[in-house]
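Structure first, commentary second.
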Amino acid sequence: MPARLPSWAWVTGLTTGAIAAVAVLAVQADQGPKPTASTSRPSASATADAKPSAEPKEKGTGTESEAVPADSGTGRRIVYSLDDQQVWLVDASDAPRRSFEVWPGTVAPDPGTYTIGTRTEATTGSDGVEVEHVIYFAAKSGVSIAFSNAVDGSSPPPPDGRTTGGIRVGKADGKALWTFGTPGTTVRVVE
């Protein structure tokens with residue numbers, strides 16, 4: 001009669017397989033089609049009839065500025081600009097795959113290079129909001145700093161007097177960030 005594997009061995013095997021599958025999917029997503037001259041965005045030009053939009057720009061649409069900050073390093077990384085309140089997902093060839101605006105918490109990370117360590121699929125944020133796609137990458141003054149999106153899609157400002165390290169993103173951007181930001185991914189924070 002063959003020896004029976006202990007249950008922890010099954011769990012270890014399944015976990016290893018799941019991590020490998022996620023890594024393969026992340027690499028495949030990173031190697032997607034590159035824009036060509038025929039598929040690039042048309043450049044904006046001024047016309048006599050051009051009028052500025054009276055509507056505020058909606059955050060979290062995945063269509064914000066495409067220009068990655070010059071001082072953000074090289075290679076595959078997540079870039080977070082404190083001043084612009086914007087994130088870029090940059091592939092290995094230094095091409096931005098997606099960019100979007102974010103709603104920062106009350107504690108900001110210092111400029112520098114970090115690495116994604118822990119990820120949590122869903123929890124309650126320090127502001128009491130149900131969040132998902134939580135990606136931790138820094139800590140400051142005892143506060144964990146992480147990207148996340150509210151489960152209901154909202155991003156209210158943090159309550160007065162509450163210390164929060166959550167950097168909220170739109171729901172669709174949270175899903176994209178979760179797929180791109182696997183453990184070990186570099187996060188570059190710039191001014």
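The values are calculated or read from the model by the stated rules, or taken from the named source; none is laboratory data. Here the structure is a predicted model, which means the values were calculated and not measured. Ideal geometry is used to build each Cβ from the backbone, glycine not excepted, and the neighbour counts take in all protein chains shown. The protein model used for the area step is the full one, side chains on, heavy atoms only, and it has no ligands, DNA or RNA in it. Shrake-Rupley method; radii C 1.70, N 1.55, O 1.52, S 1.80 Å.
Among the residues in the range 149-162, are any open to solvent by less than 10 Å² (accessible area, probe 1.4 Å) and modelled with pLDDT of 95 or more? Yes, the range 149-162 contains at least one residue that is open to solvent by less than 10 Å² (accessible area, probe 1.4 Å) and modelled with pLDDT of 95 or more. Within the range 172-190, none of the residues are aliphatic (A, V, I, L, M), modelled with pLDDT of 95 or more and assigned to a loop (DSSP other than H, G, I, E, B).
Just one of 176, 139 is under 16 Å from the mean Cα position of the chain (by Cα) and aliphatic (A, V, I, L, M); which is it? Working first, answer last.
Numbers: 139 fails: under 16 Å from the mean Cα position of the chain (by Cα).
Of 176, 139, the one residue that is under 16 Å from the mean Cα position of the chain (by Cα) and aliphatic (A, V, I, L, M) is 176.
Residue count for the range 111-127 under the criterion of being closer than 17 Å to residue 168 by Cα and either open to solvent by 40 Å² or more (accessible area, probe 1.4 Å) or under 16 Å from the mean Cα position of the chain (by Cα) (or both): the result is 9. Among the residues of the range 116-175, those that are closer than 14 Å to residue 87 by Cβ and aromatic (Phe, Trp, Tyr) comprise 137, 147. Among the residues of the range 94-109, those that are open to solvent by less than 60 Å² (accessible area, probe 1.4 Å), touching a residue at least 40 places away in the same chain (Cβ under 8 Å) and outside any loop (DSSP other than H, G, I, E, B) comprise 100, 101. Whether any residue in the range 165-178 is among the aromatic types (Phe, Trp, Tyr) and either open to solvent by less than 40 Å² (accessible area, probe 1.4 Å) or in contact with a helix residue (DSSP H, G or I) (Cβ under 8 Å, 6 or more places away or on another chain) (or both) is what I want to check. No, the conditions are met nowhere in the range 165-178.
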